[in-house]
Amino acid sequence: MGALLTRWRAWVWVLPAVALLLVFVYYPIVDNLRLSFFSWNAFSPEPRFVGVDNYTEMFTDPVFWRALLNNVAYAVVSLVFQAGLSLVLAALLEELVGKRLRGLLRTLYFIPAAMSITVAGVLFSFLYNPRYGLVNEALQAVGLGHLARAWLGEESSAIWSVIAMSQWQSIGYTAVLFVVAMQRIPREYYEAAKVDGSGAVRTFFSITLPMVREMTTLIVILTISGAFLVFNEVMVMTAGGPDNSSQVLGTWLYRKAFFEDDMGYAASVATVIFVITFAIAAGQLALSRRRRYDS
Amino acid sequence: MIALDSGVDRRTTAKHRPRATMSFRSVVGRVLGWTLLGAFAVAVLYPVLWMVLSGFKDNQEVFNQPWGLPGELRWENYARAWDLGVTRYFTNSVIVTSASIVATTLISAWAAYGLCRLKLPFGNGVALLVLGGLLLSPTVALIPLFRLLTAIGLFDTYWALIVLYTAFRIPFTIFLIRAYMIELPRSVDEAATIDGATRAQIFWRVILPMSRPILVSAALLQALFAWNEFAFALVFVSDESLKTLPVGLVSMQSRLLTDWPVVLAGLTIAALPTILLFLIGQRQFLRGLTEGVGK
């Protein structure tokens, strides 16, 4: 008995962390699943069991599909820029730029990621302003005035404008991650390639790319799951409008829960987000486990 | 799995590149590469610069000469932004951010030590619980947390944000710190034990000081997270006097619709602390980021 107590005393170390996690992270996730089978609002605060009604309502709601589609668009564009373009930028930084300037550029590229997405969102809502915004001014200045529009105010462009801002904010961040990964590649590989007379492009494909594979996988995963969790920038710039055209799952959940007071429906949207992001993250874990055993 | 000094540029032989043979094609490639790097630098920097400079303009200048420099440095815009609410938001952000930094780093370091040095009953279970916490996203928990916080009386208090920012960041921070502590030699603990120190004393007097570099990284990343967090701050605090910067700025933007310079000054004030933190602690930042995503 005494020995048992001594062993359990070691729990003093993990107790605060475990308690916080259970109460504020795990319990809500489980509770959300439960709540998605109930219906309630401010006027009938006692949840009423409704089975899968919330899910039926959600899956037949065009706005839900619109939101999901916007998340997918977010993921695709982010992959192109945050995994693709930033990889190219990182490789160029490594290949072309001398040490000192490289450090400077790396710092500079990271700055948008160091400021909050809210600041960036509000800033870009000024830049997108139809009358005084820099974007339209710039288009007019180069003779493309016919392209000028109310970027955030039109259904056809709202979500794309938000996505564009998000790329501006994040490319530098992933580029820096790639740079760090590239700096871990042993120099000898490049020297061998040079001896073989391999050009810069070929060296990139035969050495750099395979050597940063792990980081690439990681960034791809983070980018995709980030795209399904997006909330802030949409909230700040369009709040899902106009006419729900730029809703994403996160903002749609928020709107349903805290504006339309349809908590059950909102909880079922949350469940969908949970399933998607959990599947992506679990896939990544499984992948990295397997690789660790392989090597 | 990943080297610790990732922020450090280990390349000493940067010039060992296939540069001797400058064919026409490689010249074109270099020009294109430099153009891309330069264009990206401008694209990143210009909006930030515009924000800072426009914060010094008057309305006339912002609307009529969006590309021009401010006629004079109107610090009064910054003073007005400060008076119109930024003071309060700023103070609130400082309170919430610093409290959550202290709580997160201490609780995580405490747990990390227990996990890597002690035999806990169900220790693997705890590790799994922490790992799983990495996969769960805040958005999914919004509705149950709203109920929970209301029920326990934390809704609309600083505590709501402090507790949540801590709970949701504990998994990441534990892994970050644990990866560092594992590398510390066990002989340190043993020597202290022989000197008659208790576990807790070893932790406070030996392990914690030795872990300083990673604690700094953890604290910086927590600062960036808490300072910029939006969703929780939006949903769980409704009292105007408790709002943090990200949410406060949005409400300020809607209050001051036409007074762009003041809003832009407010944005600059909000962005400055984290950008400065990043510039000063860049190495620790990058270490934390790459270690964190590498796990």
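Just a few scattered comments:
- Percentage of interatomic Cα-Cα distances in the protein assembly as shown larger than 48 Å: 15 percent
- With helices as the sole contributors, the protein assembly as shown gives -21500 deg cm²/dmol at 222 nm; each DSSP H run of n ≥ 4 counts as -39500 (n - 2.57), and the sum is divided by every residue.
- Region A:151-190 versus region B:138-204: alpha-carbon centroid distance in Å: 31 Å
- Between A:Arg48 and B:Phe122, the FRET efficiency estimated from the beta carbon spacing at R0 = 35 angstrom works out to 0.40.
- Remark: chain B projects, on average over all directions, an area of 22.6 nm² (convex hull of Cα atoms).
- 18 Å reach of a label modelled at B:Arg283, 7 Å along Cα-to-Cβ, counting backbone N of region B:200-231: B:210-221
- Angstrom value of the Kirkwood radius, inverse mean 1/r, which spans all Cα pairs in region A:1-153: 22.3 Å
- Region A:3-34 residues near the modelled B:Thr198 label - backbone nitrogen below 20 Å, point 7 Å along Cα→Cβ: A:3-17
- Global size of chain A as Cα Rg and Dmax, reported in angstrom: 24.0, 84
- Among B:Asp156, A:Asp262, the order by Cβ neighbours within 10 angstrom, fewest to most, reads B:Asp156, A:Asp262.
- One decimal place: the segment B:Ser238-B:Asn64 gains 59.0 nm when fully extended, by the rule 0.36 nm per residue minus the C-alpha distance.
- Cut-off under 5 Å, modelled amide H: who pairs with B:Phe122 long-range: none
- For region A:111-144, backbone nitrogen atoms closer than 12 Å to the point 7 Å from A:Glu154 Cα along Cα-to-C-beta are found at A:130, A:136.
- Cα→Cβ-extended label distance, 7 Å offset, between B:Trp82 and B:Ala151, nm: 4.5 nm
Every read-out reported here was derived from the displayed coordinates using simple, explicitly stated rules and does not represent laboratory data. The structure presented is a predicted model; accordingly, all values stated were derived computationally and were not measured. All Cβ positions, glycine included, derive from the backbone under ideal geometry; neighbour counts span all protein chains shown.
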